[in-house]
């Protein structure tokens, strides 16, 4: 039988049916459980029309059902289209229509978040059937999944990845991680992010267990954190986890990817965790997760490289005329080989621009990455930068043009630009009506604009800060001069503070003050959580505290949609339907404070 992601999993299920395949908050599954549930669901999908070349959307929360769904789609011979139920409806709807998805898999918990249009198959319960048909046969060239990435035209584009590239990736990981303990692999990435492929399949296709968690920042909360031996991490998230002391106690291996890796962070991992192996991986979605991979030794002194080319990849560093460059000379990175994607779904022109003929191998293609690298003298690759406006934020790939297109579509915005400053996405806006000169912050206008963006874009694409200015800087040729965009001005500590004006805002100010070590009365209800010193780990704690105190579920995506106390308060008041105890308590405290102030005024004769 042809090797595919599913047949590789079945081989492990047949070999060790009683071994644990999945640990999660919602339960534990053995390989037998997972295989049988996937088989039953696959038969339903085939009956609904799934098969080779048929895209099947998966809109499922992070429970074992997510893995059941992925494996069932692959067993049916179809390709899965990841649809994160936390994404805005508009984006999910676009992905479904653009990919031609007519069959969508979901659960009762996520159905309300699914886009309309496709035939919906709902996972319910754990019913299995008698053994039926064998898996639908596929060939290596058949598509395994379609992952959507940000697009420079203002709309996302789907990357179609074949089974052959995925199996080549598994073989490469067998070689590079041969001595690593993969008995418990953390799966914390959204399935809309291709790091998830590297988290899920090397474990399930090689006999290990997937430890499914909501996100990397939820790792410390997992009841199975002690099972994790192998972790894939984005550098910026790893820094936060180290600061919080939130890494698994039995961690042995860390694989970095998604952002530039610095020696200082590697040293922290070796010093502050039990990990004895650290790797750095690089690769775009178009190259099937990664195309270079390498160990970062404990006793190294220089900045880490992005490793050596994988054995299944063709890697070129070329100049503008597609001529090879010697070691030490920077050039654009081009990729070929077994991991090359088919191209972009319904984007023939973009596919032709990025997947070009390989001048060194007749009949083959190579992908123009847009990344600038150099070969080192020992054959490794060092990352230098980009040739375009693509950036990485918390490991997610973002085309700045897409963010800018969404910003300028807002009626409050005349012109807009976006850049990354440190680890944060910053938007620069020329407002439509404000006559001011210079550069300034406007918490109320920022809240209005980003609140609207949050219903259109994933949270990682919504700027953390908006800087307002009278005009965007231009080059002599009249184009945007990104390098001349000013640093965001500091928040004026002496500026008037918009105080909490409702009982809900008072309650929220107390929670924020507790987390940020600030006096609640000094918190501006128009200021964003990040601008006050918050970070992703604190955001998780904020969601948990709000859920507890307001007696309703508050999720991290909600906190990206409503980024300040004022908008959060309106959301809670408009949708809660009842007065939570936290608000009642805040009202009592506010009443006591007002009475005390009246008494103080009376005693002083004012």
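Taking first residues from the range 430-459 that are assigned by TED's automatic domain parsing to the domain that holds residue 192 and partners that are assigned to a helix (DSSP H, G or I), no Cβ contact under 9 Å between residues at least 6 apart in sequence or on separate chains turns up. Of all the criteria given as (1) without any contact (Cβ under 8 Å) to a residue 12 or more places away in the chain; (2) crowded, with 19+ Cβ neighbours inside 10 Å, the one not satisfied by residue 164 is (1). Does any residue of the range 240-253 turn out to be under 25 Å from residue 288 (Cβ atoms), crowded, with 22+ Cβ neighbours inside 10 Å and assigned by TED's automatic domain parsing to the domain that holds residue 210? No, the conditions are met nowhere in the range 240-253. Does residue 541 satisfy the condition of being in a helix (DSSP H, G or I) and either modelled with pLDDT under 90 or farther than 20 Å from residue 560 by Cβ (or both)? Criteria met by residue 541.
Every listed requirement among (1) in contact (Cβ under 8 Å) with a residue 40 or more places away in the chain; (2) under 21 Å from residue 156 (Cβ atoms); (3) not assigned by TED's automatic domain parsing to the domain that holds residue 452 is met by residue 386 save one, (1).
Screening the range 219-230 for residues that are in a helix (DSSP H, G or I), more than 22 Å from residue 12 (Cα to Cα) and touching a strand residue (DSSP E or B) at 6+ places or on another chain (Cβ under 8 Å) and picking the one that is modelled with the highest pLDDT gives 225.
Among the residues of the range 317-352, write down those that are more than 26 Å from the chain's Cα centre (by Cα) and within 26 Å of residue 154 (Cβ to Cβ). Those that are more than 26 Å from the chain's Cα centre (by Cα) and within 26 Å of residue 154 (Cβ to Cβ): 348, 349, 352.
Pick from 203, 160, 168, 144: which is part of a helix (DSSP H, G or I) and within 24 Å of residue 105 (Cα to Cα)? Sole residue among the options that is part of a helix (DSSP H, G or I) and within 24 Å of residue 105 (Cα to Cα): 203. If you check 67, 5 for being buried (at least 20 other Cβ atoms within 10 Å of the Cβ), touching a strand residue (DSSP E or B) at 6+ places or on another chain (Cβ under 9 Å) and modelled with pLDDT under 95, only one passes: 5.
Just name the residue that is surrounded by the most Cβ atoms within 10 Å (Cβ to Cβ) out of those in the range 485-516 that are under 29 Å from the mean Cα position of the chain (by Cα) and without any contact (Cβ under 8 Å) to a residue 12 or more places away in the chain. Walk me through how you get there before you give the answer.
Pass one, the range 485-516, residues under 29 Å from the mean Cα position of the chain (by Cα): 485-491, 508-509, 511-516.
Then drop every residue that is not without any contact (Cβ under 8 Å) to a residue 12 or more places away in the chain, which leaves 490, 513.
Working: 490: 7, 513: 16.
This residue is 513.
The set of residues in the range 367-395 that are under 14 Å from residue 318 (Cα atoms) and touching a helix residue (DSSP H, G or I) at 6+ places or on another chain (Cβ under 8 Å) comprises 367, 368, 369.
Please find, among 414, 406, the residue that is without any contact (Cβ under 8 Å) to a residue 24 or more places away in the chain and assigned by TED's automatic domain parsing to the domain that holds residue 459. Only one candidate qualifies: 414.
I want to confirm something. Restricting to the range 246-259 and keeping residues that are in contact with a helix residue (DSSP H, G or I) (Cβ under 7 Å, 6 or more places away or on another chain) and touching a residue at least 60 places away in the same chain (Cβ under 8 Å), which single residue is farthest from residue 371 (Cα to Cα)?
First pass over the range 246-259, keeping only residues in contact with a helix residue (DSSP H, G or I) (Cβ under 7 Å, 6 or more places away or on another chain): 246-250, 254, 256-259.
With touching a residue at least 60 places away in the same chain (Cβ under 8 Å) added as a condition, the list becomes 246, 248, 250, 257-259.
Details: 246: 33, 248: 33, 250: 35, 257: 15, 258: 13, 259: 12 Å.
Here the answer is 250.
For residue 238, the conditions (1) in a loop (DSSP other than H, G, I, E, B); (2) out of contact with any strand residue (DSSP E or B) (no Cβ under 6 Å at 6 or more places or on another chain); (3) under 23 Å from residue 202 (Cβ atoms) all hold with the exception of (1).
Scan 216, 188, 233 and give me the residue that is within 30 Å of residue 462 (Cβ to Cβ), surrounded by 21 or more Cβ atoms within 10 Å (Cβ to Cβ) and at pLDDT below 90.
Working: 188 fails: at pLDDT below 90; 233 fails: at pLDDT below 90.
When all the criteria are applied, what remains is 216.
Every condition in (1) over 19 Å from the mean Cα position of the chain (by Cα); (2) under 14 Å from residue 187 (Cα atoms) holds for residue 249 except the one numbered (2).
Of all the numbered requirements in (1) within 24 Å of residue 154 (Cα to Cα); (2) in contact (Cβ under 8 Å) with a residue 24 or more places away in the chain, residue 68 misses one, and that requirement is (1). Residue selection: residue 243 fails the criterion of being over 25 Å from residue 191 (Cβ atoms) and out of contact with any helix residue (DSSP H, G or I) (no Cβ under 8 Å at 6 or more places or on another chain).
The values are calculated or read from the model by the stated rules, or taken from the named source; none is laboratory data. Please read these numbers as outputs of a predicted model, since none were measured by experiment. Positions of Cβ are backbone-derived with ideal geometry, glycine not excepted, and every protein chain shown enters the neighbour counts.
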